[in-house]
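The values are calculated or read from the model by the stated rules, or taken from the named source; none is laboratory data. This one's a predicted model, so the numbers in the text were calculated from it and none came from an experiment. When we count neighbours, we look across all protein chains shown, and the Cβ atoms used for this are built from the backbone with ideal geometry, even at glycine.
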Amino acid sequence: MNRQTLVSLASGTLFGAGLAISGMIDPARVRAFLDVGGAWDPTLAFVMGGAILPMIVAWAIVRRRARPIVATEFHLPATRPIDGRLIAGAALFGIGWGLAGLCPGPAIASLGVAPIPALIFCAGMVLGFALFRLVPAPSSTRKGTRDGLQAAR
């Protein structure tokens, strides 16, 4: 196993453990965060807020590097304009998140704790990925020319 695979595995394991420890793999907790008119639970806001500081530090370090530590080059997505396809995808994501109380990271982390509900969600997630690949992008969609790292510099 190469270094990049080991770092990816360690990072994913750390992320999944963080989700489990913070309670973010509990759909009821996530739905309680989204219930701003009822019994609102701010835990998710604190988890998100706690993720911002390390990310700010990580981006400050990455911007100064010519290449990643365990890869030959950065692979960041191109910046693309906000269009109907993005808005529709974000809306579907939000609806699914609100209904299921899970998004991709917590769903995968939940496979070890509550495998049946997590498998149902993951099957729907994979179906959504496949549908995205099958639905052609409009020909008028322009591809971005600058990646996130170049734009950040």
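What number of residues within the range 24-55 satisfy the criterion of being of a type in the set (V, I, T) and surrounded by fewer than 11 Cβ atoms within 10 Å (Cβ to Cβ)? Explain how you work it out, then say what you get.
As a first pass, look at the range 24-55 and keep what is of a type in the set (V, I, T): 25, 30, 36, 43, 47, 52.
If we keep only those that are surrounded by fewer than 11 Cβ atoms within 10 Å (Cβ to Cβ) too, we end up with 36, 52.
So the answer is 2.
Here is a list: G112, G144. Which entry is touching a strand residue (DSSP E or B) at 6+ places or on another chain (Cβ under 9 Å), in a loop (DSSP other than H, G, I, E, B), among the small types (G, A, S) and modelled with pLDDT under 85? If you could, list the steps in order and put the result at the bottom.
Details: G112 fails: touching a strand residue (DSSP E or B) at 6+ places or on another chain (Cβ under 9 Å).
Being touching a strand residue (DSSP E or B) at 6+ places or on another chain (Cβ under 9 Å), in a loop (DSSP other than H, G, I, E, B), among the small types (G, A, S) and modelled with pLDDT under 85 holds for just one of G112, G144, which is G144.
Pick out the one residue from A51, A90, A28 that is farther than 21 Å from M125 by Cα and not in a loop (DSSP other than H, G, I, E, B).
Working: A90 fails: farther than 21 Å from M125 by Cα; A28 fails: farther than 21 Å from M125 by Cα.
Step by step, each of A51, A90, A28 is checked, and only A51 is farther than 21 Å from M125 by Cα and not in a loop (DSSP other than H, G, I, E, B).
Of all residues in the range 1-42, which are β-branched (V, I, T) and either closer than 16 Å to A107 by Cβ or at pLDDT 90 or above (or both)? Quick ask: steps written out before the conclusion?
Narrowing the range 1-42 to residues β-branched (V, I, T): 5, 7, 13, 21, 25, 30, 36.
T5, V7, T13, I25, V30 - these are the residues of the range 1-42 that are β-branched (V, I, T) and either closer than 16 Å to A107 by Cβ or at pLDDT 90 or above (or both).
Taking the range 71-87 only, how many residues are within 17 Å of the chain's Cα centre (by Cα) and of a type in the set (G, A, S)? Let's see the steps before the verdict.
Within the range 71-87, the first condition is being within 17 Å of the chain's Cα centre (by Cα), and the residues that meet it are 75-79, 86-87.
Applying the additional criterion that residues be of a type in the set (G, A, S) yields 78.
Matching residues across the range 71-87 total 1.
Among the residues of the range 53-90, count how many are farther than 19 Å from V7 by Cβ and in contact with a strand residue (DSSP E or B) (Cβ under 6 Å, 6 or more places away or on another chain).
1
Checking V126 against (1) under 16 Å from the mean Cα position of the chain (by Cα); (2) at pLDDT below 90: exactly one of these is not met. Which one?
Every condition holds for V126 apart from (2).
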